[in-house]
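Working notes, beginning with the structure itself.
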Amino acid sequence: MKRILVVETGAGFGGALTSLASLLSLLDASRFEVHLLTAYPQDCIRPGGAVGRVEVLPRERRYGPGTVVEAALRPVLGRRAGNAAFLVDLTTTGRRFAASVAAYARLHGIDIIQGNNGILINDAVILAARRAGLPCVVHARGGEYPSRLGSWLAESVARVLAVSGYVAETVAALGLPADRIVAVPEGLDAAAFARGADGRAFRARHGLPADLPLVGLVACLVDWKGQDVFLEACAEALPGSGAGAVVVGAEPDGSGRELARLREKARTLGLGERVWFTGHETDVASAMDACQVVVHASTSPEPFGRVLLEAMALGRPVIATGAGGPREVIEPDTDGLLVPPGDAPAMAGAMGRLLADAGLRERLGLAGRRKVRERYTLAAHVDTVAGVWEELAPGAARGRRFGTGGVG
């Protein structure tokens, strides 16, 4: 039995957590016992199966535009204030966080520590593994930014699990040798995801007309997910099409500010009666099932684009921006359409093309479903991750019992 400590230090609920939940759901509980520390409360992953313990360990950060430290440094250091604040954080709150993670690992006999996102955001997790003398794995779910600090941290990482070729390239640019980078595309149990999807129930729940053709965008409300571009495309494509649009998602912090801004933008664009905003939706499958077309609109390179697999699993045709992972997932005009990032007219053209051609929607949807079921299975994803863990902890002790203590 190998004991893995996964640490999730992201800003809040999002794709990194849902992807981790999928991985853990199929993990062999006879081979692995996973402990999860999250920096925020969540109920997406709970003990059961291969998941032995779930606890919250807050990760206070002192860098970022809204922090006191960075604001104080900016008048003196200008654009370098962010880097300086990062170092202040790493040597203060980050150092304390690392000490707590290392103490937890020792108490519970952990064999491997894994950070559930990129190298820089897991700075303290990497230091914790060094402090505990354990192999560190980073599940890189986003592109890395070239920096000396990133390269220094990467030296202590035993393996990086890169969700796409795009992400793998950004990791390699930090100087990590190729034999320490493992390609692990996202995986989905397509049949399980589609089971129970009920688009009509979703429409009824949110007051959407039962028979109105819909174009949908499902994503967290953060600026680079492209909701603004999507609305601009809708303003061009929807009039005269007889279709509407739905924006599904909320801010990671639950503030509601971005949702209010987008609603006002839709009103300004004259979309008030054509676009619906649902906020956070737990039943993503039903949300996508309610749509005739699903759009992925990220304006920056998407690390992978799990939403594409989910829509394709339901046989829905997808429009994606052609940067990062989506370029690897989608074969244009075969199982989806690609448009340039940030190009609202091109996105509008793709929307209009699909809304006007039911045959094209069906052909792309069927091809997409087939691709997910053949190439992006959850079983293959889990097997690859498990193989890395087996390689890094071949002599892990067996038959240990849980410790009684929690997070230090």
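Looking at segment 337-351 only, could you name the residues that are part of a strand (DSSP E or B) and either more than 20 Å from V167 (Cβ to Cβ) or aromatic (F, W, Y) (or both)? I'd like the intermediate steps shown before the answer.
Applying the first criterion (part of a strand (DSSP E or B)) to segment 337-351 yields 337-339.
Matches in segment 337-351: L337, V339.
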- In segment 10-60, which residues are among the charged types (D, E, K, R), touching a Lys or Arg at 6+ places or on another chain (Cβ under 9 Å) and in a loop (DSSP other than H, G, I, E, B)? R31, E60
- Item | Selection from segment 205-222 of residues that are in contact (Cβ under 8 Å) with a residue 40 or more places away in the chain and part of a helix (DSSP H, G or I) | H206
- Note on the structure: In segment 321-337, anything surrounded by 24 or more Cβ atoms within 10 Å (Cβ to Cβ) and among the hydrophobic types (A, V, I, L, M, F, W, C) is listed as V329, I330, L337
- Message: Go through (1) touching an Asp or Glu at 6+ places or on another chain (Cβ under 9 Å); (2) more than 22 Å from Q227 (Cα to Cα); (3) crowded, with 22+ Cβ neighbours inside 10 Å for R370 and report which single condition fails.
- Response: (3)
- Query: Just one of G240, G244, G175 is small (G, A, S), in contact with a Ser or Thr (Cβ under 7 Å, 6 or more places away or on another chain) and free of Cβ contacts under 8 Å to residues at least 40 places away in the same chain; which is it?
  - Reply: G175
- Spot the failing condition for T170; the list is (1) of a type outside the set (K, R); (2) under 27 Å from P394 (Cβ atoms); (3) within 23 Å of the chain's Cα centre (by Cα), and only one is missed. (2)
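None of the figures in this text is laboratory data; all of them are computed from the coordinates on show. Since the structure is predicted, the reported quantities are computational estimates derived from the model, not experimental observations. A quick note on method: Cβ atoms are made from the backbone with ideal geometry, for glycine too, and the neighbour counts reach across all protein chains shown.
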